[in-house]
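The values are calculated or read from the model by the stated rules, or taken from the named source; none is laboratory data. Quantities reported herein were computed from a predicted structural model and do not represent experimental measurements. Don't worry about glycine lacking a Cβ; one is built from the backbone with ideal geometry, like all the others, and counts go over all protein chains shown. Side chains included, ligands, DNA and RNA excluded: accessible areas come from the protein's heavy atoms. Shrake-Rupley method; radii C 1.70, N 1.55, O 1.52, S 1.80 Å.
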Amino acid sequence: MVVGMNRKIPLFFIFTLLVLSSVHIDITFAQYPEPTQFGLPEGAKARLGKGWISEAVYSPDSSLLAVACSTGIWLYDAETHQERVLLTIHIDELNSGLWRGVNSVSWSADGTLLASGNVDGTIHLWDVATTTLKDTFIGHKWSVSSVSWSADGRFLASGSADGAVHLWDVATATPEMTFAGHMSSVDSISLNAKGTLLASSGFHEPVLVWDVTTGTQKANLTGWGGSQCVSLNADGTMLATGGSDYKLLLWDITTDTPTLRTTLIGYKKGRATSWSAVKSLSWSANSTMLASGRGDGTVRVWDVTTATPTLKTTLIEQTDDSVESLSWNVDGTMLASASRNSVSLWDVKTGTQKTILTEHINSVNSVSLNADGTLLASAHWDAPVCVWNVTDAKQIATYMVPVEDRISTDGVQSVALNANGTILAGGGFNGRVILWNVKTATHITTLIGHTGRVYSVSFSSDGTLLASGSWDGRICLWDVKTATQIASLTEHTDRVYSVSFSADGTLLVSGSGDGTLRLWDVKTATQITTLIPVPRTRIVSSVSLNADSTMLASGSWDGRVCLWDVKTATQIATDIPRTSTVHSVSLNTEGTMLASGSAGNKVRLWDIKSGVVTPNAILTGHTGSVKSVSWSTDGTFLASGSEDGTVLLWDVDTLQHLKTDN
């Protein structure tokens, strides 16, 4: 759908229609928890994961918590911690590559409206009671990093990666004022309660303070390191700034020339890194307490009622994830801290974590289904591997990379389940392949043989062999039972991005950055032939065989999908339309349908008949590049994993009537 400023579409109404229609299609739809159904695009039957987080903010009465993330805005009941709704939009096919989620949210003072600053440069205004999109503000050229309401609800301030700070007239959805002074991205803005003062800053920018009533610059606080966050207290008498130089500064701005009141201690001095940076700040409603969040996952609460502020408590996240945002409830008893993958709710008085909102997961790099389609594994950029029960869309367990096998991230690049779903393999960023026991979620062993990132892993159908393709240009064949390397295939001259076994385990196919596909005899560990797409492509990113190994599909970074006759080693269907960068391809078992995932946030379906490939449907439910697609063995559903941090399960029967892109 195309979203206009005056078109209001109740999300709960869309959700109701999807549920009612799904009852006639697949009885398993009713088994999925309600939150997995919120805001689903047409043809999808469930969403696994909720998207990675940018910000979490309490409503003015503290009854709701709004979580801005890559999929939209999740609203939680602040008391029960249950999901209420997902505020999201599904843009039509022509524009589906633009909207990529939400960076920032801000409530109007009466709690009836919610503003979101979006990655595509727009600002959305939502009616909370009806969960409808009320308006869209267009004016920024690049991503909107931060939004903030005035207390009277008349104005909304926004800061953007384009370096502009706008003050919008909410009634007319037009900029009332533009504050020019930043040369690069504005990452954080803050209005005082009356809307008379505005502070703005960015990673490579000074802190600027503006007099909103006159539109003039009140102060330029330079020479204090890159300030990643700013926060004005309610009456505009104090300004807190935090930056990449580990410093948390408190300024008195009651005079024409702001003065540094104090540098709050509690952070150790060290090399300025994302780990040491002060990433988020939030004042309590009565301005007596200030909370600060750091890149190392710690939250500190400061008592600022005295001339010399004191550290009241330190809250430590269960993970080391950077604290990206902080928000107080109205009476200052609870504090919400958000990282990329979770939101923690803290009892400030006792310093205890009351609950943690989970299943907000970072970018999905890879997905894998077991043979009967009941289990799905997802690999993530900076989070543990997840295994999901497909029948009820619930997360079964998470699988941590052992400490000794980590580099700078806990995530893995690629993942594969063996056929019966008992063993899970993950290809690491440091060249190691980790094996886990799925049932016990324990580490079995680590396979060491590659010298660079493992882009792809694949089990043979009987589970005795594992193939891995790597940045080092090699393919390793492993004996799973003995955890030993039995062969190293070195004919590729560049990175190996994809490997896949044939169903009978006799054949292995690989795709590489050298622009070729290669077929291998598994028993002898020798190359059978080399396939070169015509016209020549630079990088073959993905390969997939059908069940009887007669047909092979490949996808390339230049946007091309190719189909091959394996027996004759020839390219067929050379007229398949080129798309954006293809990250993943998957043939169904019969070889009658091909799915591709691409950089345009789209999943494409193609019909294959007698070697002729025709477009079937375009699926536009993701808000980030689609990195991985995988058919169930019976061909009844397709799984797609995206940079938006979610996996969508698509029902094939309902996809047949979707619009075809010609």
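Numerical summary
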{"quantity": "Within the range 572-662, strands (runs of 3 or more DSSP E) holding 3 or more residues that are crowded, with 24+ Cβ neighbours inside 10 Å and of a type in the set (Gly, Ala, Ser)", "calculated": "593-598, 637-642"}
{"quantity": "Conditions (1) among the hydrophobic types (A, V, I, L, M, F, W, C); (2) touching a Gly at 6+ places or on another chain (Cβ under 9 Å); (3) more than 26 Å from Thr254 (Cβ to Cβ); (4) surrounded by fewer than 18 Cβ atoms within 10 Å (Cβ to Cβ): number failed by Val170", "calculated": "(4)"}
{"quantity": "For Ser150: the one exception among (1) within 23 Å of Leu197 (Cβ to Cβ); (2) out of contact with any Pro (no Cβ under 8 Å at 6 or more places or on another chain); (3) at pLDDT 95 or above", "calculated": "(3)"}
{"quantity": "Residue tally, condition out of contact with any Pro (no Cβ under 9 Å at 6 or more places or on another chain), open to solvent by 10 Å² or more (accessible area, probe 1.4 Å) and assigned to a strand (DSSP E or B), over the range 100-120", "calculated": "3"}
{"quantity": "Some residue of the range 437-446 being surrounded by 18 or more Cβ atoms within 10 Å (Cβ to Cβ), modelled with pLDDT of 95 or more and not hydrophobic (A, V, I, L, M, F, W, C)", "calculated": "no"}
{"quantity": "Any hit, the range 360-379, residues being more than 30 Å from Asp634 (Cα to Cα) and part of a loop (DSSP other than H, G, I, E, B)", "calculated": "no"}
{"quantity": "Any hit, the range 80-89, residues being open to solvent by 10 Å² or more (accessible area, probe 1.4 Å), within 24 Å of Ile189 (Cα to Cα) and part of a strand (DSSP E or B)", "calculated": "no"}
{"quantity": "So Val186, is it modelled with pLDDT under 95, in a strand (DSSP E or B) and hydrophobic (A, V, I, L, M, F, W, C)", "calculated": "no"}
{"quantity": "Selection count, the range 310-328, where residues are outside any strand (DSSP E or B), surrounded by 19 or more Cβ atoms within 10 Å (Cβ to Cβ) and not hydroxyl-bearing (Ser, Thr, Tyr)", "calculated": "4"}
{"quantity": "Test: Arg406 is closer than 18 Å to Ser512 by Cα and open to solvent by 40 Å² or more (accessible area, probe 1.4 Å)", "calculated": "no"}
{"quantity": "Subset of the range 277-308 (residues that are surrounded by fewer than 21 Cβ atoms within 10 Å (Cβ to Cβ) and not in a strand (DSSP E or B))", "calculated": "Ala285, Asn286, Ser287, Thr288, Asp296, Gly297, Thr305, Thr306, Ala307, Thr308"}
{"quantity": "Qualifying residue in the range 255-268 (condition: of a type in the set (A, V, I, L, M), at pLDDT 85 or above and open to solvent by less than 30 Å² (accessible area, probe 1.4 Å))", "calculated": "no"}
{"quantity": "Test: residue in the range 343-356 that is without any contact (Cβ under 8 Å) to a residue 12 or more places away in the chain, open to solvent by 10 Å² or more (accessible area, probe 1.4 Å) and not in a strand (DSSP E or B)", "calculated": "yes"}
{"quantity": "Condition met for Gly159 (within 23 Å of Gly624 (Cβ to Cβ) and either under 19 Å from the mean Cα position of the chain (by Cα) or touching a residue at least 60 places away in the same chain (Cβ under 8 Å) (or both))", "calculated": "no"}
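Yes/no per residue for (1) touching a residue at least 40 places away in the same chain (Cβ under 8 Å); (2) among the charged types (D, E, K, R):
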| site | (1), (2) |
| --- | --- |
| Asp521 | no, yes |
| Thr529 | yes, no |
| Thr537 | no, no |
| Ala547 | yes, no |
| Val561 | yes, no |
| Thr574 | yes, no |
| Arg578 | no, yes |
| Leu594 | yes, no |
